[in-house]
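A short worksheet on the structure shown next.
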Amino acid sequence: MAELKSKMPEYAVWLAMRQRCYNPKSQRFKYYGGRGIKICSRWLTSFDNFIEDMGRRPKGKSLDRIDVDGDYEPDNCRWATQTEQIVNRRDFPNRTGHKGIRKKHNCYQARITVNYKEIYLGNYKTLEEAVEARKSAEVKYARA
């Protein structure tokens with residue numbers, strides 16, 4: 001017996017993708033549709049096409065765009081682990097030249113974002129200490 005499409009976990013992924021890109025009331029819109037990220041016409045109008053191109057979601061993986069500034073389309077999407085997604089996040093410009101590190105007053109602050117939540121890692125006297133804390137956190141949270 002065929003599984004009802006709306007009960008498939010991939011259906012929720014497909015709907016969420018559409019919300020992020022096209023619903024200005026979505027909490028995530030500013031990071032997707034608000035930045036100009038779109039969904040290819042093949043997927044936008046057809047869940048069946050999305051499944052045909054992506055296949056079923058493997059356990060422990062979620063939808064990821066290979067080029068974080070590119071659109072949702074077959075050549076730019078994959079099912080990825082949390083580790084792959086952490087490594088693939090877009091960089092936000094900062095003056096230290098290191099992702100997740102900023103200089104504030106006489107110290108360096110390290111932070112990491114996991115599951116859309118920012119985690120404060122601490123204040124460090126040197127840039128090198130802050131960078132090491134950030135790298136350790138990337139390893140720690142990639143395994144979680």
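Conditions (1) acidic (D, E); (2) touching a residue at least 40 places away in the same chain (Cβ under 8 Å); (3) in the same structural domain as M17 (by TED's automatic domain parsing), marked per residue:
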residue	(1), (2), (3)
R42	no, no, yes
P58	no, no, yes
I86	no, yes, no
R89	no, no, no
Listed by range, strands (runs of 3 or more DSSP E) wholly within the stretch 63-144 having at least 1 residues that are modelled with pLDDT under 90 are 101-104, 107-114, 117-124
With the first residue restricted to the stretch 24-37 and required to be closer than 16 Å to R65 by Cα and assigned by TED's automatic domain parsing to the domain that holds E73, and the second required to be basic (K, R) and at pLDDT below 95, Cβ contacts under 6 Å at 6 or more apart or on different chains are none
Give me a count of the residues in the stretch 12-45 that are surrounded by 13 or more Cβ atoms within 10 Å (Cβ to Cβ) and part of a loop (DSSP other than H, G, I, E, B). 7
Restricting attention to the stretch 62-81, report how many residues are of a type in the set (V, I, T) and closer than 14 Å to G33 by Cα. 1
Would you point out the residue of the stretch 30-62, among those that are closer than 17 Å to A80 by Cβ and basic (K, R), that is nearest to the chain's Cα centre (by Cα)? K61
Yes or no: D71 in contact with a strand residue (DSSP E or B) (Cβ under 9 Å, 6 or more places away or on another chain), under 30 Å from C40 (Cβ atoms) and acidic (D, E)? yes
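The values are calculated or read from the model by the stated rules, or taken from the named source; none is laboratory data. Please read all numbers here as calculations on a predicted model, not as lab measurements. No Cβ is skipped: glycine too gets one built from the backbone with ideal geometry, and neighbour counts run over all protein chains shown.
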